[in-house]
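**Q** Attaching a single structure in structure tokens format; questions to follow.
Any read-out appearing in this document is the output of simple, stated calculations on the displayed coordinates, not a laboratory observation. Please read all numbers here as calculations on a predicted model, not as lab measurements. Reconstructed Cβ throughout: ideal geometry from the backbone, glycine too, with neighbour counts over all protein chains shown.
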Amino acid sequence: MKNSFESLLFRDQFYLSNKPLALFDSWGSCDLPNGFRYCGHRGLKHQVIKSRTNPILLLIVGNIVSAVKGEKVELHLRQALDAPAVEIDGILRQFHNFCGRFAVFAFVNDEVFVFNDACGLMRLYCYLESGLHVYSCNSALVKHLTGDRDSSTSLEYRRSYHYSHYPEHWVPTNCDLYIKTRILQSNHYLRDRDGRQTRYWPLEKPHFVNLAEAADEITDLLANIVRNAADESSLAITVTGGLDSRIVMGASIKGGCSDYYYTWAKTNDLNHYDATMGRAIADLCGVKHNVLEWEKESGDLFAGFYRISNEYYHQYWEDLAASTLKIFPAGYVSVRGNCSEVGRSYYRKYMGASNKLVSESLLFLPGMVGWHELGCVRKALDEWESEIAPICNDFGIDILDMLFWEQRMGSWQAQSFNECDLLHPTLCPFNCRAILEKMVFLPISDKIGPECKLHHRIIANLLGDDLARSIAEMAFGKKKSRFYAIYNSKPLIS
């Protein structure tokens, strides 16, 4: 058993460096321009795409899939890179319709640029000091390779009420927990030469669409993502009582993309709402449902390897990981509904009309209990707000949607998926800029709960009015439901 746990150490992790560093026995490597070398776990997908006509090479690490029906990412990029006068801005635009959890290293002429997926779920730690440049998806790995140390901010974080009392603790991505290592911010690219991070979204307003048009377009994009992903991998679809996973499930069912639908439930709580509702929804949709039992404790041996691989590990996720290792179907990609909360104005219902992220307001936002006591968090959010607030005002975007996108997803969610890397790859179909953009530019009234109009329209598009209405009635009750009126007023599909 010890040997099997040892194989999990830094599994599906990688680093890129411009100087020779330690290489794990189970890892592969390849040489890149500008003196860089990629080293990564052999189970982690990576691909090198080189232009035939321009001095451009892309290294893409992780899972990536197109939201265009039948489109192959590699073929699309090869054609785009061969166009005349391609620069970094043009390369970034090519990833607008791509979904996944990935990092991209773009070697353009004599420059190196670094960016990642839309929400930054493939978190990148960047160490650029004294001529040594190291990039990795794992902070513990960066410290192991560079000798970097925790900052005073890290000490403040570890001593906080939030860290000790909140099982899914986290801090903003621009909280510097290390002396020299920095995190690549969502919607930014980094220039290796000087470490400068530049925002590349949003820079222009998309064409306006109404609720019905947005729902139709997002439905097609989601269905294409799930269908394209199923062409490359076996998909295990997460099913809960929530709207997010219901949409992903609907996209899978519509395209016949999976034979495995599942819900996690603790051994002593198999009648939890998510498990019972997940099973009921699956029954209505005519697919087999699996309940995976989550044991309470991980065990000391597993915990040891898990914690070496994950700095600021979460006990809650560690216990789930131990159960996943035992019973999750081998070779499957876990498909989840995360990131769709950006399209539900998730934080807005807690803040009312206020757009000011004062520290007192943080007490009312889920997942931020105790943040008001952390000076490092307040400083980080003030800096983030000073940059994003003018942009939100100019583009008419709710700043709380951007808070969820760039901080909640880019930090808390990214960390959870990093810890999942030990077990299986993960795909979030909503983590696609083309989808997220359409959601954030819709009026709040089209998204916010309890109605969640956008989500319910997408569900009706995928499953049909009758089935969508039946699920809503079962979940919330025909007369008591705050949602049933959406279906009862008029058909969502004309």
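**Q** For the chain, what does -39500 (n - 2.57) per DSSP helix run (n ≥ 4), summed and divided by total residues, give at 222 nm, in deg cm²/dmol to the nearest 500? Kindly include the intermediate steps, with their values, before the conclusion.
**A** Details: 19 runs with 184 residues, N = 494.
Computed ellipticity for the chain at 222 nm equals -11000 deg cm²/dmol.
**Q** Further question: Which one of A83, G195, A282 has its Cα pushed farthest toward the positive end of the charge dipole of the chain, where Lys and Arg give +1 and Asp and Glu give -1 at the Cβ?
**A** A282
**Q** Taking every eigenvalue of the Cα gyration tensor of the chain, multiplying by 5 and rooting it, what semi-axes result, largest first, whole Å?
**A** Details: eigenvalues 225, 140, 122 Å².
Output for the chain: semi-axes of 34, 26, 25 Å.
**Q** In what order do D148, D220, D300 fall by count of nearby beta-carbon atoms within 10 Å, going from fewest to most?
**A** Listed from fewest to most nearby Cβ atoms, that is D300, D220, D148.
**Q** Obtain the nm distance between the two label points defined at D110 and R93 by a simple spin-label model: each point lies 7 Å from its Cα along the Cα-to-C-beta direction.
**A** The two pseudo-label positions are separated by 2.7 nm.
**Q** Evaluate E = 1/(1 + (r/R0)^6) for S130 and M474, where r is the Cβ-Cβ distance and R0 equals 56 Å; express this FRET efficiency to the nearest 0.05. If you can, show how the numbers build up before the last one.
**A** Numbers: r = 61 Å, r/R0 = 1.09.
Working from the Cβ atoms, E equals 0.35.
**Q** Return one quarter of the surface area of the convex hull spanned by the alpha-carbon atoms of the stretch 219-318, equal to its mean projected area, in nm².
**A** On the way: hull surface 31.6 nm².
Computing the convex hull of the Cα atoms and averaging its projections yields 7.9 nm².
**Q** Looking at this model, which pairs from K45/K288; K180/K379; K254/K447; K180/K438; K45/K69 are more than 28 angstrom apart at the alpha-carbon?
**A** Values: K45/K288 30 Å; K180/K379 18 Å; K254/K447 23 Å; K180/K438 36 Å; K45/K69 22 Å.
With Cα atoms farther than 28 Å apart: K45/K288; K180/K438.
**Q** Given labels modelled 7 Å from the Cα in the Cβ direction, how far is it in nm from D31 to D466?
**A** Using points 7 Å along Cα→Cβ, the separation is 6.5 nm.
**Q** Going by average Cβ neighbours within 10 Å, how do the peptides 29-35, 12-18, 394-400 rank, with the highest at the top? The partial results should precede the final answer.
**A** Details: 29-35: 12.9, 12-18: 22.4, 394-400: 17.1.
In descending order of packing, they fall as 12-18, 394-400, 29-35.
**Q** Looking only at the stretch 113-152, which residues have a backbone nitrogen under 20 Å from a spot 7 Å from the Cα of V48 in the C-beta direction?
**A** 113-115, 133-137
**Q** About the Cα centre of the chain, how large is the charge dipole given +1 on each Lys and Arg Cβ and -1 on each Asp and Glu Cβ? Please answer in debye to the nearest 20. Provide the component values of the computation, followed by the final result.
**A** Details: 53 positive and 58 negative charges, 114 e Å.
Here the chain has a charge dipole of around 540 debye.
**Q** Which of H272, L145, G28 sits farthest toward the positive end of the charge dipole of the chain, with +1 on the Cβ of Lys and Arg and -1 on the Cβ of Asp and Glu?
**A** Of the listed residues, the answer is H272.
**Q** Of the options C432, A380, Q407, report the single residue whose Cα projects farthest towards the positive end of the charge dipole of the stretch 370-473 (beta-carbon charges: Lys, Arg +1; Asp, Glu -1).
**A** Comparing the listed Cα positions along the dipole, C432 ranks first.
**Q** Now for a different question. Under a no-solvent Debye model with one identical scatterer per Cα of the stretch 1-101, what's log10 I(q)/I(0) at q = 0.17, 0.18 Å⁻¹?
**A** Here the Debye-derived log intensity ratios amount to -0.89, -0.96.
**Q** How are the alpha carbon pair distances in the stretch 58-155 distributed across 5 Å bins from zero to the largest one, expressed in percent?
**A** P(r) for the stretch 58-155, in whole percents per bin: 2, 11, 20, 21, 17, 12, 9, 6, 3, 1, 0.
**Q** Nothing charged except the Cβ atoms of Lys and Arg (+1) and of Asp and Glu (-1): what's the magnitude of the dipole of the stretch 290-431 about its Cα centre? Round to the nearest 20 debye.
**A** Here the size comes out at about 320 debye.
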